[in-house]
Each structure stands twice: as structure tokens, then as C-alpha cells.
1. Does any residue of the stretch 28-43 turn out to be touching a Lys or Arg at 6+ places or on another chain (Cβ under 6 Å), of a type outside the set (Gly, Ala, Ser), touching a residue at least 24 places away in the same chain (Cβ under 8 Å) and surrounded by 12 or more Cβ atoms within 10 Å (Cβ to Cβ)?
2. Are any residues in the stretch 240-278 among the charged types (D, E, K, R), more than 12 Å from VAL157 (Cα to Cα) and assigned to a strand (DSSP E or B), and if so, which ones?
3. Hey, can you tell me all the residues within the stretch 229-249 that are crowded, with 18+ Cβ neighbours inside 10 Å and either outside the structural domain of THR262 (by TED's automatic domain parsing) or small (Gly, Ala, Ser) (or both)?
4. Among the numbered criteria (1) under 30 Å from LYS237 (Cα atoms); (2) free of Cβ contacts under 8 Å to residues at least 60 places away in the same chain; (3) charged (D, E, K, R); (4) surrounded by fewer than 16 Cβ atoms within 10 Å (Cβ to Cβ), which one does ARG82 miss?
5. Could you identify the single residue in PRO180, PRO142, PRO152, PRO113 that is touching a residue at least 24 places away in the same chain (Cβ under 8 Å) and within 15 Å of ALA75 (Cβ to Cβ)?
6. Do you know which residues across the stretch 85-116 are within 23 Å of GLN48 (Cα to Cα), surrounded by 12 or more Cβ atoms within 10 Å (Cβ to Cβ) and polar (S, T, N, Q)?
7. Kindly indicate whether any position in the stretch 83-96 is out of contact with any Phe, Trp or Tyr (no Cβ under 9 Å at 6 or more places or on another chain) and within 22 Å of ALA151 (Cα to Cα).
8. Going through VAL61, VAL38, VAL56, VAL91 one at a time, which residue ends up being modelled with pLDDT of 90 or more and under 19 Å from the mean Cα position of the chain (by Cα)?
Amino acid sequence: MRTRFAVLFALALAAYSATAPLAILKPSISDMEDGPAVPAAFTFVPGQFIFMKFQVNGFKVSDDQKIHLSYKMDALDPKGVRLMETVTGQVDTTLAPEDKNWKPVVRQQLLLPPLGPSGVYKITLQVTDDLAKGAMVSQDFPLEVHGRDVAPSDTLVIRNLHFYRGEEDRSPLTVAAYKPGDTLWARFDIIGYKFGAGNSVDVDYLVSVLAPGGKVLYKQDSPAEGAAEKSSSFYPKAYVPGSMNLSLQSTIRPGQYTVVLTARDHTGNQTCEARGDFTIE
């Protein structure tokens, strides 16, 4: 009888002294600071901020009531490319007697790349209890992102050249037709350039206009303001968006004209050309 009691007492004591394993509790991803968690089917867009919040449980408390946790967070695109440098942080505090059930809350935010592709992104989170050797927990959080995708290329190329009626128009013209005195607007994408150190990009473009017979009516010798991209970033720029506009003279004759775009990649020593026809009615 005493043996059975001793076993039961030992089991109860072990259960009382054991601590819960280190765990990430109540992870929450929101599209606004301290906002409610987004549903599982929520879709983010490039350039949007993501706010993450989580708690930690099962950490060790030292004899002098101190806790020390370390965490790191990474964000990856659909191909596993990191969006940013690894975020690191610590929770280092001393508990008061009334903090018996207290759990630390960690908040972090990240920015999706403005030109990021569509697909399932991933936030990876790892928490380590520095007072409990070997105590570590990690968890992945998928994110659906709907971006604007541009077909990749191994060499410099201009894609998606479209004409528009106005600067803010979302849909391109089905038929690129203008009248004398109108303003022509066009947008396009440059891709296939080479990266320099630090994912640097050095790209620009020139614009020419050809008359119906092929004569050059207008030609740029140097890029216009805003027609060059010279930058670097942690996350490689997926493509360079370009735009242009032309004020069509009121005396311009009817006929089919051609816009000639010449893109230049100074890092990769590449040049490419794209042409788009428009009509003056």
C-alpha cells in the first residue's frame, strides 16, 4: 500500500515540477497595426505592410525570476528568396510575484516588395529560450500574395508595351488611335537586366517616333527625367516599370506612326528595342 502511495506521490510531484514545452502561442497576422488577424484565405498585395504578433509559453524562469528569450524572423518569396534581412530580437525581463501567468507578447512588421510576384510567401519564426539549453521552437506562416507578374527573360527585353488614353487609365486602348492635339500615354516593363553588387540596377530607356514612311520625327539623345533606374536593394527588383507620353501636335497628319523604345542595361552591357504602332485619325 505504501509502495503504491509512493509511486502516485512521485508521479504527482513530477507533473507539478515539469514545465510545458517552449511554444509559440496565438500567432496573428494582420494587415493593420494591432488589427484583427486576417482570415486564412486573405490575399495581400505587393507593397503592403504585414503586422505579426505572437506570445511565448513554456520558457524557463531563473531562481532570481528572470527570463531571457531570443527570436528571429525571416520572410521568403515563392522561390525562397529572402525579402529582407533577418529580424532578430530579445525578451529580457524580471518577473514580479503577480506575473505568475504572464506571457510575453512580441510584435513585428514587414513590408512586401512593391514589385513582388504572385504566389505563396512564407514567414519563418524561431524562438529560443536562452536559459534552457536546447529549448527552441520554430513555425512557418504562409501568405498568399497577388502581384503583377512579368514573364522572366535571361536577356534584356521590353514587355507589355501598351498605349493609354490618360495617365491614370488602368486598361490599355484596344486600338491605339489618337487625334491631333491629344496626349499619347504608354507604359511598359523592362526585365532581363543584370544585377550588380547589392542587387544594384542601372537601366534607362530612350524614345523615338517614326512617321508613316519611316522618317524619324523625334529622337531622344539622353533619357528623359524619370526614364532611368539606378538603385540597389536587399530584395532584387523583379522588373523596371517604364512610362512615356507625347504631346501630339495639332498639325500632325493622319496615318500610322511608330514609337521606338530603346532600353539599356549598363551593368550587363545590353541593349534591346521594342516598337508599338499608333494611329492619328
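1. To start, the set of residues in the stretch 28-43 that are touching a Lys or Arg at 6+ places or on another chain (Cβ under 6 Å) comprises 28.
Of the ones still in play, those that are also of a type outside the set (Gly, Ala, Ser) are none.
Among the residues of the stretch 28-43, not one is touching a Lys or Arg at 6+ places or on another chain (Cβ under 6 Å), of a type outside the set (Gly, Ala, Ser), touching a residue at least 24 places away in the same chain (Cβ under 8 Å) and surrounded by 12 or more Cβ atoms within 10 Å (Cβ to Cβ), which makes the answer no.
2. Of the residues in the stretch 240-278, the ones among the charged types (D, E, K, R) are 253, 264-265, 273, 275, 277.
Those left that are additionally more than 12 Å from VAL157 (Cα to Cα): 253, 277.
Matches in the stretch 240-278: ASP277 only.
3. ALA238, GLY242
4. (2)
5. Details: PRO180 fails: within 15 Å of ALA75 (Cβ to Cβ); PRO142 fails: touching a residue at least 24 places away in the same chain (Cβ under 8 Å); PRO152 fails: within 15 Å of ALA75 (Cβ to Cβ).
Only one candidate qualifies: PRO113.
6. GLN108, GLN109
7. Within the stretch 83-96, none of the residues are out of contact with any Phe, Trp or Tyr (no Cβ under 9 Å at 6 or more places or on another chain) and within 22 Å of ALA151 (Cα to Cα).
8. Numbers: VAL61 fails: under 19 Å from the mean Cα position of the chain (by Cα); VAL56 fails: under 19 Å from the mean Cα position of the chain (by Cα); VAL91 fails: under 19 Å from the mean Cα position of the chain (by Cα).
Step by step, each of VAL61, VAL38, VAL56, VAL91 is checked, and only VAL38 is modelled with pLDDT of 90 or more and under 19 Å from the mean Cα position of the chain (by Cα).
The values are calculated or read from the model by the stated rules, or taken from the named source; none is laboratory data. Every value quoted in this text rests on a predicted model; they were computed, and no experiment measured them. Methodologically, a virtual Cβ is constructed for each residue, glycine included, from the backbone with ideal geometry; neighbour enumeration extends over all protein chains shown.
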